[in-house]
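The values are calculated or read from the model by the stated rules, or taken from the named source; none is laboratory data. Computed from a predicted model, the values in this text were never measured in an experiment. Cβ atoms come from the backbone with ideal geometry, glycine included; neighbour counts cover every protein chain shown. Each accessible area value is taken on the protein alone, full model and side chains, heavy atoms only, with ligands, DNA and RNA left out. Shrake-Rupley method; radii C 1.70, N 1.55, O 1.52, S 1.80 Å.
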Number of protein chains: 12
Amino acid sequence: MSDNTYRVIEIVGTSTAGSDEAIANGVSRASKTMENLDWFEVIEIRGHIENGSIEHYQAHLKVGFRLNEPA
Amino acid sequence: MSDNTYRVIEIVGTSTAGSDEAIANGVSRASKTMENLDWFEVIEIRGHIENGSIEHYQAHLKVGFRLNEPA
Amino acid sequence: MSDNTYRVIEIVGTSTAGSDEAIANGVSRASKTMENLDWFEVIEIRGHIENGSIEHYQAHLKVGFRLNEPA
Amino acid sequence: MSDNTYRVIEIVGTSTAGSDEAIANGVSRASKTMENLDWFEVIEIRGHIENGSIEHYQAHLKVGFRLNEPA
Amino acid sequence: MSDNTYRVIEIVGTSTAGSDEAIANGVSRASKTMENLDWFEVIEIRGHIENGSIEHYQAHLKVGFRLNEPA
Amino acid sequence: MSDNTYRVIEIVGTSTAGSDEAIANGVSRASKTMENLDWFEVIEIRGHIENGSIEHYQAHLKVGFRLNEPA
Amino acid sequence: MSDNTYRVIEIVGTSTAGSDEAIANGVSRASKTMENLDWFEVIEIRGHIENGSIEHYQAHLKVGFRLNEPA
Amino acid sequence: MSDNTYRVIEIVGTSTAGSDEAIANGVSRASKTMENLDWFEVIEIRGHIENGSIEHYQAHLKVGFRLNEPA
Amino acid sequence: MSDNTYRVIEIVGTSTAGSDEAIANGVSRASKTMENLDWFEVIEIRGHIENGSIEHYQAHLKVGFRLNEPA
Amino acid sequence: MSDNTYRVIEIVGTSTAGSDEAIANGVSRASKTMENLDWFEVIEIRGHIENGSIEHYQAHLKVGFRLNEPA
Amino acid sequence: MSDNTYRVIEIVGTSTAGSDEAIANGVSRASKTMENLDWFEVIEIRGHIENGSIEHYQAHLKVGFRLNEPA
Amino acid sequence: MSDNTYRVIEIVGTSTAGSDEAIANGVSRASKTMENLDWFEVIEIRGHIENGSIEHYQAHLKVGFRLNEPA
């Protein structure tokens, strides 16, 4: 087995429902354009407030995925 | 439009139900005495344990709000 | 009352359901072998991804508990 | 001379012109409602982008000021 | 029992005698204008030097206190 | 309105004139190949020195932009 | 001489008298159940406040000790 | 000479041999699909353990490269 | 499959030969008294100097291992 | 070419005009007594406030310079 | 008044008596070879343990002092 | 025995061979002009890349040494 290399990108998933769904939405969107997603790390949870209640949650994530060998 | 200034305060919301509700409770309480709440950042999630299970969650938050011009 | 001393250990609770359950699972497992659990702090939320969706959440926790006096 | 106590608050000054003016605007606004401002520390420079250019700068500041003795 | 909310403020206590007294002076001053003080965290110890010896100690503290419900 | 996802990339803008221009140059270059740029955060200001004076400023930035839905 | 290995544990010493005594109490308690204690590092000083004055100091410490070879 | 802009990406190089080779493997893989690589920074060294010995090293790197002007 | 829990401990491996061997020595020593070691993270590389050259390297590590269910 | 060694020192440049000039003043002063200055990193921007406006900016810098071989 | 420049150096003061005396010893020693000492910041408190009790405290300090103009 | 004071300086050792040799080169160069070197801490590993492979490693180090009493 060769030595794999991974790429790590930063994304921000959002949700009006809560922080776990914000994480899941970000991972789901990343999976649409990148293959081999392997892990995520939450680097920050933030959100916007409107009229005194939380309008949406923002999950700042690092997402790691294995690089295929270039053709 | 003039250049706005924001104030950022630190609060700790608590909940027996979970970390998202602890966040929401903290934001809700802050909105009772401050206007123009705009965003929050989670800076720490902690909690107390009693008899081996979680008694409550504590969400340490920064909450930002726009300052009105002084009269 | 004498001056108590506490020990703080680091554990990783996991869950397929979400980050709060990962925290709760870690605390629950720790309570099976340690007494006097007092507080937890979340130091990182990570997770594994399989086939583009979250396979499980990992909650890295510090858990503090009061030391009994040695016999 | 007695031992002074200081309060430190966090504000966000903004400017369309640049980061130094964002700092200065934040300090200026704080001075309208607080006395004895003594120092500032820049904790973050951020900003918003619109149509590919910087729309405004945001200087996150800690501002310290000496507390008067309560009457 | 309802879910409490706490506020956390940053102050700087000072003392010519030492760092513990700087902490205590800051907490004491805060208690004159705020109720329900609950905990402190030391975030930095600094000080001024004059003629080669320490002129005073500065204890940067976060101080947490429980918010009463607004009337 | 659906839940947006954002991507955050790290770039280094440079300028011989100053740190704000280094920030602006980095944002301007990023806008040539990416759409929907939304915010930036300065993560470090560095620079090179030649013959005892500053030869250029380097602004390390995170730049966030909204992802379009994949076609 | 072989290459030693050390273990590092986190404890919280407490004291009503001051932060140095909280450190010393934590080290003293650790020495009752562990041998070969070698160094400590203070990672946080916190404390509880009751009726506006400091009720006790908490010194969060890392304590390192040399591991004996397993029998 | 115009003001250059650089891009910084995060990758994870791996090796069964050691941490320097993990760094080198990551840089080598990045050079296959990106031009003008200029510097790297190690942000974390981790690794997997199997049967009590290190199975592979993982070097988390930031890698910076100069952007060409878009055509 | 049930939700696993992991424990993370901090150790310091040492070596006169280099930092990778210090890491390996620490992991090897840990494997003598703990089962199911799974990963390590390097949190600091330090060392002692004698007569102007490096006498030994110290690798501060976090080591994670899966907890078995208590009997 | 031999392997160079660099020294990194910390200085604080000040200016009444702005943060870039504070950086430049610090670098300029350092160049009067040290040769081969190569790079700087801004580690903190602070300043003093008098009568509600900024009296001077303080740029805390690390400055790196190449060491000549000792004679 | 011209724009002053400051130098910041790192020292470690030690004491068998306590952390404040370790700070004071470090500052006192620094004042023997450097003029115009102006402030200190505590960056770490550590210490050595022998036979289960604290043998000495080590206060890692940054010490700032104003630079005179070179002749 | 009197209370020793230590000085801590920051240097950058470099090597074309690897990170351990970069550390060793930096310590070796420091030992040519300073006595009583006692310990080092690695604060960052970086390096330059040319034509897609690592041209040299840079080990940013803190090096501590005991101060002699001034004459």
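Measuring with a 1.4 angstrom probe and ignoring ligands and nucleic acids, K:ARG66 comes out at about 80 Å² accessible. Close amide-amide hydrogen proximity is noted between C:HIS56 and C:HIS48, each under 5 Å apart and 5 or more residues distant or on a separate chain (H modeled in the peptide plane; Pro and chain starts excluded). Binning the C-alpha pair distances of chain E at 10 Å intervals from 0 yields a P(r) profile of 21, 42, 23, 10, 3, 1 %, listed from the shortest bin outward.
Partner shielding of H:57-64 amounts to 5, given as the average count of beta-carbon atoms from other chains within 10 Å of each residue beta-carbon.
Between amide H atoms placed 1.01 Å from N, distances below 5 Å from K:LEU67 occur with K:THR5, K:TYR6, K:ARG7, all of them 5 or more places distant or on a separate chain.
Of the Cα atoms belonging to the protein assembly as shown, the radius of gyration and Dmax stand at 26.5, 77 Å.
How high is the relative contact order of the stretch C:6-66, in percent, counting Cα pairs under 8 Å that sit 6 or more residues apart?
Details: 130 pairs, mean separation 29.2, N = 61.
With pairs under 8 Å counted, the relative contact order is 48 percent.
Each Lys and Arg Cβ is given +1 and each Asp and Glu Cβ -1; about its Cα centre, chain C then shows a dipole of about 120 debye.
For chain J, the mean residue ellipticity at 222 nm estimated from helices alone is -7000 deg cm²/dmol, where every DSSP H run of n ≥ 4 contributes -39500 (n - 2.57) and the total is divided by all residues, rounded to the nearest 500.
Under a 5 Å amide H cut-off, with hydrogens placed 1.01 Å from N, A:GLU44 pairs with A:HIS60 among residues at least 5 apart or on other chains. Simple point charges give the picture: +1 on the Cβ of Lys and Arg, -1 on the Cβ of Asp and Glu, and for the protein assembly as shown a dipole about the Cα centre of about 0 debye.
Quick one: compute a quarter of the convex hull surface over the Cα atoms of the stretch E:22-62 and quote it in nm². Kindly include the intermediate steps, with their values, before the conclusion.
Working: hull surface 12.4 nm².
One quarter of the hull surface, i.e. the mean projection, equals 3.1 nm².
Centre-to-centre separation between the Cα atoms of the stretch K:1-47 and those of the stretch C:1-62: 40 Å.
What is the packing order of peptides G:42-51, C:51-60, taking the mean over residues of other C-beta atoms within 10 Å and listing the highest first? Could the numbers behind the result be given before it?
On the way: G:42-51: 17.2, C:51-60: 18.8.
Going by the mean number of other Cβ atoms within 10 Å, highest first, we get C:51-60, G:42-51.
Here E:LYS32 is the anchor, and the aspartates and glutamates within straight C-alpha reach of less than 12 Å, apart from those fewer than 8 places off in the same chain, are D:GLU69.
Loop-located GluC sites (Glu not before Pro) in the stretch I:1-36 (DSSP state not H, G, I, E or B) with no more than 12 neighbouring Cβ atoms inside 10 Å: I:GLU35.
At a 1.4 Å probe radius, carbon and sulfur cover how many percent of the accessible area of the stretch H:6-66? Can you show the working numbers first?
Details: 800 of 2160 Å².
Accessible surface attributable to carbon and sulfur in the stretch H:6-66 totals 37 percent.
Between I and H, buried accessible area from a 1.4 angstrom probe totals roughly 1100 Å², ignoring ligands, DNA and RNA. Across every direction, the projection of the convex hull enclosing the Cα atoms of the stretch H:1-40 has a mean area of 3.3 nm².
Rounded to the nearest 10 degrees, the inclination of helix E:19-33 to the longest alpha-carbon principal axis of chain E is 40 degrees.
The solvent-accessible area of F:THR14, taken with every protein chain present and a 1.4 Å probe, is close to 10 Å².
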